[in-house]
Amino acid sequence: MDNVRILAIESSCDETAAAVVENGRKVLSNIIYSQIDLHTLYGGVVPEIASRKHIEKINPVIEAALSKAECTLSDLSAIAVTYGPGLVGPLLVGVAEAKAIAFAKKLPLIGVHHIKGHICANYIENENLKPPFMTLVVSGGHTHLVRVRDYGEYEVIGRTRDDAAGEAFDKVARAIGLGYPGGPKIDAAAKRGDCNAIEFPKAKVNGSEYDFSFSGLKSAVLNYLNHAQMRGEKVNPDDLAASFQKAVVDVLTEHAVMAIKQFKLNDFALAGGVASNSALRASMAEACDRLGVRFYCPSPVYCTDNAAMIGVAAYDEYIKGNFADYSLNAIPNIGIEEG
């Protein structure tokens, strides 16, 4: 078989991204235009603004990806695009672009589930990683504990019942005056603070030992701040950030360790934007070492939203012949089992 080159497009939130991936593992280009500076002005992502910026940037980003990969549209084997989950406006921009290119060049069209893309990011730098393995996907909108049975075969064994971990990071960062985006700012502040200064609750979901709940922890932080204000006490934001982060990381690690033990897997992978968090990476690496389990985690550029991971995920669909038709649409709330 000739080299399979896939142009992948990712626009599910506030990054406009395009990449060219060869044979499912080799990233020839990975171009990302981030809108963080723009949305920081509003304290979070504004969907309408994100959509308009995607429209403005998507063609230049694709052109840059093709240029860096030293190929043209005629050199491609297929077009892949994230179709969900995500923000519906931004998703529609990417889907419409992918369908237009696929139609114009008569190329196969592949719809990719965003969470599956995050999981597949681990394949880029780890040639030895193969299913089955356990993975923890932690991002602004998702917290999933997933058993990867085979390429393209996923079983969700745990998920958040309310706030995702990344969402909780953003809300707590805003509450203590660190601003947006919350994840990196909490991580930086925590390095200056004492993680044992404040004891925050670690929620468990009755009857669902692998599920997560972070809304109670978020409320506990807000209550702590309100009580301190009423008593006229000064709050150390670094200690609060460190203590909050420890509560999140401890729960994520405990659930992952339980799953690794129950399913007797020898490989574990982190995925998603919060996988860039230094405390989570260190905690899971230590836990895996203690268990004698191989630990994997993408470089930060492949943790946050990017198109290379979409191209990697699309390769397996290409090999299986799982192509979409031109009725492919954005599905903002699609579950990983449905995708």
Legend entry - D_trans [Stokes-Einstein, Kirkwood Rh over alpha-carbon pairs] for segment 1-59, 37 °C, 0.692 mPa s, µm² s⁻¹: 260
Inset, instruction - Among the listed pairs K218/K246; K26/K261; K53/K116, give every one whose C-alpha distance is greater than 22 Å. - result: K26/K261; K53/K116
Inset, instruction - For every helix of n ≥ 4 consecutive DSSP H residues, a contribution of -39,500 (n - 2.57) applies; sum these over the chain, divide by its total residues, and give [θ] at 222 nm rounded to the nearest 500 deg cm²/dmol. - result: -14500 deg cm²/dmol
Inset, instruction - Pick out, from A168, V146, C288, the residue whose Cα sits farthest towards the positive end of the charge dipole of segment 132-298, with +1 on the Cβ of Lys and Arg and -1 on the Cβ of Asp and Glu. - result: A168
Inset, instruction - Could you tell me how many degrees, from 0 to 90 and to the nearest 10, lie between the Cα long axis of helix 278-291 and the main elongation axis, the longest principal axis, of the Cα atoms of the chain? - result: 90
Inset, instruction - Two decimals is fine: what's Rg over Rh for segment 1-108, C-alpha atoms, Kirkwood radius as Rh? - result: 1.00
Legend entry - All-pairs Cα distance distribution in segment 63-122, expressed in whole percent, bin size 5 Å: 4, 18, 22, 24, 22, 10, 1
Legend entry - Surface/4 of the Cα convex hull for segment 132-269, nm²: 8.8
Inset, instruction - Using just the alpha carbons, could you tell me how many Å³ per residue the convex hull of the chain encloses? - result: 128
Inset, instruction - Working from Cα positions, state the angle (0 to 90°, nearest 10) between the long axis of helix 215-231 and the longest principal axis of the chain. - result: 40
Inset, instruction - List the relative contact order of the chain as a percent without decimals, with contacts defined as Cα pairs under 8 Å and 6+ residues apart. - result: 24
Legend entry - Prolate/oblate/rounded label for segment 182-225 (Cα gyration tensor, a/c 1.5): prolate
Legend entry - Once exposed loop chymotrypsin sites (Phe, Trp or Tyr not before Pro) are cut out (DSSP; at most 14 other Cβ, 10 Å), longest piece of the chain: 43-325
Legend entry - Nearest 10 degrees, 0 to 90: helix 237-263 Cα axis against the chain principal axis: 60
Legend entry - Low-density loop cleavage sites - GluC sites (Glu not before Pro) in segment 50-102, where at most 15 other Cβ are within 10 Å (DSSP): E70
Inset, instruction - Fewest Cβ neighbours within 10 Å first, please rank K264, K185, K191, K171 accordingly. - result: K264, K191, K171, K185
Inset, instruction - Would you mind telling me the antiparallel percentage of the DSSP bridges in segment 132-298, rounded to 5? - result: 60
Legend entry - Difference of contour (0.36 nm per residue) and Cα-Cα distance, R294 to N226: 20.2 nm
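A short reminder: the numbers here are calculations on the coordinates, not readings from a lab. Since we're looking at a predicted model, the values are computed, not measured. So basically every Cβ, Gly included, is an ideal-geometry build from the backbone, and we count neighbours across all protein chains shown.
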